[in-house]
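The values are calculated or read from the model by the stated rules, or taken from the named source; none is laboratory data. Source: prediction; values computed, not measured. Because the Cβ atoms are built from the backbone with ideal geometry, glycine has one as well, and the counts that use them run over all protein chains shown.
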Amino acid sequence: MRTVVYLPGLLGLCVLLLAACTMPVAWQTTPVHAPVAIGPANLTDTPIGVYLYPADDIQTAAPTTLYAAGARWTRSWFSWNAIEPQRTDPPTYHWQATDDLLLAARRAGLEVIFLLGGNADWASDTFCGPIYPQYEADFQRFLRDLVRRYSRAPYNVRLWEIYNEPDSIFGPQGYCFGTRGARYADSLRLAYTAIKEADPEAIVLFGGISYDFFVDEGGRFDPAFLDDALAAGAGDYFDRLAFHYYPAFAERWQAFGPGVAGKAAYLRSELRRYGIDVPLALTEIGRPTRGPDEDGLVYSEILTARFVAPALTHARMAELAPIIWFTAVDKPNEPYDYGLLSANLYPQPGLYAYTAVTPALQGGRYAGRIDIPLPGHAYRFQHREEDAIIAWSEGESVSMTLVADSIRVVDRLARSQLVRDGSPDDADGQTDGRITLTITQDPVVIWIARTEDATNE
């Protein structure tokens with residue numbers, strides 16, 4: 001049987017073919033075109049992207065490879081302190097490094113979510129916490145100038161996220177707004193007002209909250225932060241609530257829905273308690289391939305690759321936008337490796353899983369769950385001419401029967417094969433207008449011609 005790579009477009013073919021030349025022999029495959037073209041970034045139809053640290057943006061192979069894999073957005077961190085390290089009157093800005101980073105992402109086809117971080121040293125005593133009262137006007141002036149510069153061509157930034165994980169109390173980025181949610185509400189008011197003055201069409205994100213790993217559980221995040229901020233009036237000053245999801249904390253949210261959809265459902269209920277109805281943004285979701293032995297968790301490239309399709313599928317089901325995979329590239333000397341690419345830009349199995357599933361989710365309309373035996377899962381996304389069914393099992397293998405003469409099956413390594421009714425890959429072994437597949441823990445994407453009902457249990 002001929003094995004082929006399933007890729008979203010000609011650019012993807014070129015980039016991933018070059019990458020394949022450096023892979024072990026077992027990974028080498030023959031690329032072909034994808035049946036579905038992924039359009040430009042759009043929060044409704046094409047919301048999926050990937051997190052790029054600023055240093056990765058200037059490694060042009062990284063954003064270009066990620067675009068080829070189906071990403072249309074990137075979230076990246078930018079420092080006020082780097083742009084305005086000293087207070088002068090009039091202000092002196094150092095734009096060049098930020099210009100270069102944004103342009104590198106835009107040249108690769110990625111739309112940027114501008115994550116505000118790195119408070120100016122002179123304006124705050126913390127990296128991501130409150131501004132000194134006497135410098136609040138400077139904070140707003142900086143944001144107005146920032147947005148006026150980067151909301152226009154060639155940068156065209158539309159989404160502005162106000163700090164990363166502001167619910168943190170301590171950790172790698174220092175003391176943010178944990179235990180002082182009311183102060184975050186005030187900072188959000190300052191930011192929202194200034195950003196909207198500069199660009200009324202801008203979309204302001206409540207900074208992506210961890211809302212897990214709470215201090216009373218030995219973590220570093222304030223469980224009362226969101227309530228405190230909303231009670232202080234933050235609801236008037238954001239267009240989308242951003243949050244993060246990692247499977248290490250999945251058990252807390254299972255009662256509310258599958259995977260990240262459960263956490264999203266809970267957060268929507270929290271917003272409703274305050275009369276707030278806004279969309280949700282998922283600005284980090286990921287699973288490390290490697291981590292420290294002492295934390296007692298199990299890591300592997302296979303487990304991460306198996307996580308990609310269910311994670312992104314549940315996020316699309318929950319109508320989250322944007323949806324940002326964390327992260328693009330492994331960071332040397334970090335305790336955890338989350339990257340779709342290694343630190344030297346070598347493709348990881350998760351990249352192929354991402355490449356396999358993005359054409360099904362980008363541009364597809366969620367059309368419901370397909371009833372297959374548990375612990376199997378199958379979800380349909382409608383495209384213009386075909387449907388994509390994303391299927392996997394959480395345990396033992398199960399069977400799924402589709403009414404079709406032929407289907408295309410893409411595995412988690414982005415390899416595509418044509419399966420015909422009655423062929424050796426049709427598990428029922430009969431030519432009867434139906435194709436039976438065995439669904440395992442390795443997710444697959446099944447492309448099938450549009451019908452009213454393509455399943456038959």
Please work out which residue is surrounded by the fewest Cβ atoms within 10 Å (Cβ to Cβ), limiting yourself to the stretch 313-359 and to residues that are within 19 Å of His383 (Cα to Cα), in contact with a Pro (Cβ under 9 Å, 6 or more places away or on another chain) and not hydrophobic (A, V, I, L, M, F, W, C).
Glu319
Consider Arg268 against the criteria (1) in contact (Cβ under 8 Å) with a residue 24 or more places away in the chain; (2) part of a helix (DSSP H, G or I); (3) not small (Gly, Ala, Ser): it satisfies all of them except one. Which criterion is unmet?
(1)
Of Ala82, Ala153, the only residue that is of a type in the set (A, V, I, L, M), in a helix (DSSP H, G or I) and surrounded by fewer than 19 Cβ atoms within 10 Å (Cβ to Cβ) is Ala82
Looking at (1) part of a loop (DSSP other than H, G, I, E, B); (2) within 23 Å of Arg87 (Cβ to Cβ), can you tell me which one Phe170 breaks?
(2)
For the stretch 420-453, which positions are touching an Asp or Glu at 6+ places or on another chain (Cβ under 9 Å), closer than 30 Å to Thr304 by Cβ, of a type outside the set (A, V, I, L, M) and touching a residue at least 60 places away in the same chain (Cβ under 8 Å)?
Gln441, Asp442, Pro443, Trp447
Could you say which residue among Ala353, Ala343 is out of contact with any Asp or Glu (no Cβ under 8 Å at 6 or more places or on another chain) and either more than 20 Å from Ser416 (Cα to Cα) or not in a strand (DSSP E or B) (or both)?
Ala353
Given (1) under 28 Å from the mean Cα position of the chain (by Cα); (2) of a type in the set (S, T, N, Q); (3) modelled with pLDDT of 95 or more, where does Gln140 come up short, assuming only one miss?
(1)
Residue hits (the stretch 173-219; part of a helix (DSSP H, G or I) and among the small types (Gly, Ala, Ser)) are Gly181, Ala182, Ala185, Ser187, Ala191, Ala194, Ala198
Mind counting the residues in the stretch 85-108 that are in a loop (DSSP other than H, G, I, E, B) and crowded, with 19+ Cβ neighbours inside 10 Å?
1
Looking at the stretch 37-55 only, could you name the residues that are within 26 Å of Thr313 (Cα to Cα) and outside any loop (DSSP other than H, G, I, E, B)?
Asn42, Thr46, Ile48, Gly49, Val50, Tyr51
So which of Ala391, Ala404 ends up being without any contact (Cβ under 8 Å) to a residue 60 or more places away in the chain, of a type in the set (A, V, I, L, M, F, W, C) and in contact with a His (Cβ under 9 Å, 6 or more places away or on another chain)?
Ala391
Among the residues in the stretch 221-243, are any assigned to a strand (DSSP E or B), closer than 23 Å to Pro310 by Cβ and in contact with a Gly (Cβ under 7 Å, 6 or more places away or on another chain)?
yes
